[in-house]
Amino acid sequence: TTPIAGAEVSADLIDGDYGTGARTGSDGSYMVTGLPSGNYRVSVRADGYIREYYDGTYDYSEATLVSVAAPGETSNIDFTLDVGGTISGHVYEADGTTPIAGAMVFCELIGEASSPVPKPVARLETAADGSYVIKGLMTGSYRVQAYAEGYIREYYNNVSSYSAATPVSVTAPNDTPNIDFTLD
């Protein structure tokens, strides 16, 4: 019942390249306009919340398709978002104390046994003090990496190999802290 203002709603046509979106108002309502007739995959994301596809799934392939018949209106495509977990830490130079501002930190959900391909999740830049917080993560295990221009890319925990990366466990809505990097 608590509305989420400023959430990004996306409607993507499944039989073509067309997609558009809207932001929710202060009351949580939205209207995506100008859609041609067709079937759409609709999703919503908001800062700190887990991205959700209609009707109540986090999985793109399990989304319930929404049929639009222009110029009519398809109503009651509602969402109830869950607060996600976070991964936080710092990126430092090799000395372990000098922060690297603007380093890129990237995390991806490690695939299930039935779907071993990792799913991209988030990418962001570190703050002036080298800190970062990746928000809106669902419960699961993630591979986290950091890189900056002029430095060697590193996966958690201090390895350069994707396959040797230590998985980072997240339990939503909690924070997994101290996922730090020291880049050479």
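Inspect all residues belonging to region 151-168 and state whether any of them is surrounded by 13 or more Cβ atoms within 10 Å (Cβ to Cβ), of a type outside the set (Ser, Thr, Tyr), farther than 25 Å from ALA11 by Cα and touching a residue at least 60 places away in the same chain (Cβ under 8 Å). Within region 151-168, one or more residues are surrounded by 13 or more Cβ atoms within 10 Å (Cβ to Cβ), of a type outside the set (Ser, Thr, Tyr), farther than 25 Å from ALA11 by Cα and touching a residue at least 60 places away in the same chain (Cβ under 8 Å). Which one is nearest to ILE152 (Cα to Cα) among residues in region 56-80 that are open to solvent by less than 30 Å² (accessible area, probe 1.4 Å) and not hydroxyl-bearing (Ser, Thr, Tyr)? Selected residue: ALA63. Taking the conditions (1) in contact with a Cys (Cβ under 9 Å, 6 or more places away or on another chain); (2) open to solvent by 50 Å² or more (accessible area, probe 1.4 Å); (3) of a type in the set (Phe, Trp, Tyr) in turn, TYR142 satisfies each one other than (2). In a loop (DSSP other than H, G, I, E, B), of a type outside the set (Asp, Glu) and within 20 Å of the chain's Cα centre (by Cα): does that describe PHE106? No; evaluated as a whole, the condition is false for this residue. Quick one: what pairs do we get from region 133-144, first residue within 15 Å of PRO167 (Cβ to Cβ) and among the aliphatic types (A, V, I, L, M), second open to solvent by 50 Å² or more (accessible area, probe 1.4 Å) and assigned to a strand (DSSP E or B), C-beta under 6 Å, 6+ apart or different chains? So the pair list comes out empty. Yes or no: TYR53 touching a helix residue (DSSP H, G or I) at 6+ places or on another chain (Cβ under 7 Å) and open to solvent by less than 60 Å² (accessible area, probe 1.4 Å)? Yes. For region 162-184, a residue qualifies if it is β-branched (Val, Ile, Thr) and either over 13 Å from ILE134 (Cβ atoms) or touching a Cys at 6+ places or on another chain (Cβ under 8 Å) (or both), and the qualifying residues are THR166, VAL168, THR171, THR182.
Confirm whether GLY16 is buried (at least 17 other Cβ atoms within 10 Å of the Cβ) and touching a strand residue (DSSP E or B) at 6+ places or on another chain (Cβ under 9 Å). Walk me through it before giving the result.
Values: buried (at least 17 other Cβ atoms within 10 Å of the Cβ): no; touching a strand residue (DSSP E or B) at 6+ places or on another chain (Cβ under 9 Å): yes.
Here the answer is no, as GLY16 does not meet what is asked.
Any residue that is at pLDDT below 95, within 18 Å of the chain's Cα centre (by Cα), under 25 Å from THR57 (Cβ atoms) and not in a strand (DSSP E or B) - is there at least one of those in region 149-170? No: region 149-170 contains no residue that is at pLDDT below 95, within 18 Å of the chain's Cα centre (by Cα), under 25 Å from THR57 (Cβ atoms) and not in a strand (DSSP E or B).
Would you check if PRO173 is within 23 Å of TYR58 (Cα to Cα) and modelled with pLDDT of 95 or more?
Against the criterion (within 23 Å of TYR58 (Cα to Cα) and modelled with pLDDT of 95 or more), PRO173 qualifies.
Residues in region 19-43 that are open to solvent by less than 70 Å² (accessible area, probe 1.4 Å) and among the charged types (D, E, K, R): ARG41 alone.
Checking ARG45 against (1) more than 25 Å from PRO173 (Cα to Cα); (2) in contact with a strand residue (DSSP E or B) (Cβ under 9 Å, 6 or more places away or on another chain), which test does it fail? Against the list (1) more than 25 Å from PRO173 (Cα to Cα); (2) in contact with a strand residue (DSSP E or B) (Cβ under 9 Å, 6 or more places away or on another chain), ARG45 comes up short only on (1). Checking each residue in region 81-98 for being open to solvent by less than 70 Å² (accessible area, probe 1.4 Å) and farther than 27 Å from GLY111 by Cβ picks out HIS90, TYR92, GLU93, ALA94, GLY96, THR98. When TYR18 is tested against (1) over 21 Å from the mean Cα position of the chain (by Cα); (2) free of Cβ contacts under 8 Å to residues at least 12 places away in the same chain, just one condition goes unmet, and that condition is (2).
The values are calculated or read from the model by the stated rules, or taken from the named source; none is laboratory data. As the structure is a computational prediction, the values presented were derived from the model and not from experiment. All Cβ positions, glycine included, derive from the backbone under ideal geometry; neighbour counts span all protein chains shown. Areas reflect the complete protein model, heavy atoms only, side chains present, ligands, DNA and RNA absent. Shrake-Rupley method; radii C 1.70, N 1.55, O 1.52, S 1.80 Å.
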